[in-house]
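Everything on this sheet refers to the single structure shown next.
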């Protein structure tokens, strides 16, 4: 089990706000409350309540509060999604359907509107191999249901849109570090700024390493000819 802790990071001071008592509001007042916008279900910014699909949004604040380390961790917290891992790849299942070994070919992953699925197997990587550090993510939008008419191939089960932060939202220089079990360690450095109203600059780099489990057991290979199903030093 991974236990990670943040060592340092940029802190932006702000005034604490009292949470609003929603139980005292009328139905009309509840419908008038501001809702978070989403930008991928209709390919333009509109309210979640007006989107022509079932949409879930995980914000950067939720990612920070719950300590999600990978995109798979974020998706595992959303209803209707199941995660499986075979020590090679992370697989997604939607609405109870997950074909083993399909490399997530029925799910389209976007980063700021750009397709992430590869051109060979049409697979989507959502585990540790996901190319964007979650510290640079503003929100993750999950649009359920077929979207091939709008997005083309791979959007059969769902569309996952990752929206990154702009340079003006990083608040200068940031540095975060993590330590965990199994000699797990990570380091990230980032810097961002806004030049005028339209130009944003964000530079970020991160590294991570882990020794992993020293001994793995595979029940399907539990025979005397294969060392009883145990693999020693297979993480290297």
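At-a-glance table
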read-out: The lone exception for residue 227 - which of (1) more than 30 Å from residue 95 (Cβ to Cβ); (2) modelled with pLDDT of 90 or more it fails; value: (2)
read-out: Residue within region 96-104 that is in the same structural domain as residue 150 (by TED's automatic domain parsing), in contact with a helix residue (DSSP H, G or I) (Cβ under 9 Å, 6 or more places away or on another chain) and in contact (Cβ under 8 Å) with a residue 60 or more places away in the chain present; value: no
read-out: Some residue of region 57-72 being surrounded by 16 or more Cβ atoms within 10 Å (Cβ to Cβ), modelled with pLDDT of 70 or more, out of contact with any helix residue (DSSP H, G or I) (no Cβ under 9 Å at 6 or more places or on another chain) and within 26 Å of residue 184 (Cα to Cα); value: yes
read-out: Candidates 69, 79, 87, 64 - the one that is within 15 Å of residue 158 (Cα to Cα) and outside any strand (DSSP E or B); value: 79
read-out: Checking residue 29 against (1) modelled with pLDDT under 85; (2) in the same structural domain as residue 129 (by TED's automatic domain parsing); (3) more than 21 Å from residue 184 (Cβ to Cβ), the condition it does not meet; value: (2)
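The values are calculated or read from the model by the stated rules, or taken from the named source; none is laboratory data. Here the structure is a predicted model, which means the values were calculated and not measured. Heads up, the Cβs are rebuilt from the backbone with ideal geometry, glycines too, and the neighbour counts pull from every protein chain shown.
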